[in-house]
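What follows is a short report on a single structure.
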Amino acid sequence: QVQLVESGGGLVQAGGSLRLSCAASGRTVSTSGLGWFRQAPGKEREFVASISWSGGITDYADSVKGRFTISRDNVKNTVYLQMNSLKPEDTAIYYCAAKRGGGLSAIAINYVYWGQGTQVTVSS
């Protein structure tokens, strides 16, 4: 079993930056693909970014390309999401997730472990 705990959320002005972290415990996720998803009020959960087990391959939603960067540290069993040039429409609860396989996926059902989420609020 894997437990995922997100941190780093908060309130920031438009144009600002935040760095989210997601620490895994219980067992290593170093061989798992990892992802970030978000859910805004009244909307469905949507894909944000994913990263392969080695960190060598990444994928992003079009809405965050060029602004967000996903990375991982397999020694620390942690995945990060650096968010720059934040916009009010980025406001959501952000969740990290882990797959059983080591590849990428933008589909939520392919992830088996989920964190509880961290709130990101971007004011205009």
Environment charge at Cys22 (Cβ cut-off 10 Å; Lys +1, Arg +1, Asp -1, Glu -1): 0
Kirkwood hydrodynamic radius of the chain, from inverse mean 1/r over distinct Cα pairs, in Å: 14.1
Highest-MSF residue in the chain out of Lys43, Lys65, Lys87 [GNM, Cα springs under 10 Å]: Lys43
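Using heavy-atom solvent-accessible surface (probe 1.4 Å) with all chains present, what is the largest-first order of Trp114, Trp53?
Values: Trp114 70, Trp53 130 Å².
So the residues, ranked largest to smallest area, are Trp53, Trp114.
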Karplus 3J(HN,Hα) series, Hz, for region 65-78 with 6.51 cos²θ - 1.76 cosθ + 1.60 (x for Gly, Pro): 4, x, 10, 10, 9, 9, 8, 8, 10, 6, 6, 8, 6, 9
Candidates Ile107, Ile93, Ile70: whichever shows maximal mean-square fluctuation once the chain is modelled as a Gaussian network with Cα springs under 10 Å: Ile107
Calculated on alpha-carbon atoms, Rg and Dmax of region 64-120 in Å: 12.4, 34
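Add +1 for every Lys or Arg and -1 for every Asp or Glu among the other residues with Cβ under 11 Å from the Cβ of Tyr111, and state the total. Before the final figure, lay out each step's value.
Values: positive: Arg45, Lys99, Arg100; negative: none.
Overall, the nearby charge balance is +3.
Considering only protein heavy atoms and a 1.4 Å probe, what is the carbon-and-sulfur percentage of the accessible area of the chain?
Numbers: 3060 of 6120 Å².
That share works out to 50 percent.
Excluding ligands, DNA and RNA, what is the solvent-accessible area per residue of the chain at a probe of 1.4 Å, expressed in Å²?
Working: 6120 Å² over 124 residues.
On a per-residue basis, 49 Å².
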Reach of Lys76 by Cα under 20 Å, taken over lysines that are not fewer than 8 positions away in the same chain: Lys99
Estimated dipole of the chain in Debye, rounded to 20 [Cβ of Lys and Arg +1, of Asp and Glu -1, Cα centre]: 220
Candidate lysines for bridging to Lys65, where Cα separation is under 16 Å - those fewer than 8 sequence places away on the same chain excluded: Lys87
Sum of side-chain charges, Arg67 neighbourhood, beta-carbon under 14 Å (Lys, Arg +1; Asp, Glu -1): +1
Label-point separation in nm, Gln13 to Thr31, each point 7 Å along Cα→Cβ: 4.8
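The values are calculated or read from the model by the stated rules, or taken from the named source; none is laboratory data. What you see is a predicted model; the values in this text were computed from it and never measured. Here the Cβ is made from the backbone with ideal geometry for all residues, glycine too, and neighbour counts use every protein chain on show. Quick note on the areas: whole protein, heavy atoms, side chains included, nothing else; ligands and nucleic acids left out. Shrake-Rupley method; radii C 1.70, N 1.55, O 1.52, S 1.80 Å.
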